[in-house]
Amino acid sequence: MKCNVGGIDRILRISVGIVLVALAANGTVGWWGWLGVIPLATGIFRFCPAYPLLGINSCGTSSDKDSCCK
């Protein structure tokens, strides 16, 4: 599994995921708030399964493809 989620993308995914899960845990939003686990996990693991299908890589253009994972 190669990294394809870069720095700012990662921060946004983790932040949105935490907010959605917290709102769902408090009962502020419905069950759909638990879907925040998805952006949270993709931010933590730095891999989004949809990105290769769409040809996206937010790690930037570096000579080393896994440079955002280091």
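Among residues of region 3-22 that are closer than 15 Å to S58 by Cβ, those with a Cβ under 7 angstrom from a residue that is modelled with pLDDT of 95 or more and loosely packed, with under 15 Cβ neighbours inside 10 Å, sequence gap 6+ or separate chain, pair up as I14/I44.
Condition check ((1) modelled with pLDDT under 95; (2) assigned to a helix (DSSP H, G or I); (3) in contact with a Cys (Cβ under 9 Å, 6 or more places away or on another chain)) across all residues:
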site: I14; (1), (2), (3): no, yes, no
site: I18; (1), (2), (3): no, yes, no
site: T28; (1), (2), (3): no, no, no
site: G33; (1), (2), (3): no, yes, no
site: V37; (1), (2), (3): no, yes, no
site: A41; (1), (2), (3): no, yes, no
site: P52; (1), (2), (3): yes, yes, no
site: I56; (1), (2), (3): yes, no, yes
site: S63; (1), (2), (3): yes, no, no
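So, in region 30-50, how many residues would count as being surrounded by fewer than 16 Cβ atoms within 10 Å (Cβ to Cβ) and either closer than 15 Å to C3 by Cα or in contact with a Phe, Trp or Tyr (Cβ under 6 Å, 6 or more places away or on another chain) (or both)? Within region 30-50, residues that are surrounded by fewer than 16 Cβ atoms within 10 Å (Cβ to Cβ) and either closer than 15 Å to C3 by Cα or in contact with a Phe, Trp or Tyr (Cβ under 6 Å, 6 or more places away or on another chain) (or both) number 5.
The values are calculated or read from the model by the stated rules, or taken from the named source; none is laboratory data. From a predicted model like this one, the values you see are computed outputs, not experimental measurements. Every residue, glycine as well, gets a Cβ built from its backbone with ideal geometry; the counts of neighbours run over all protein chains shown.
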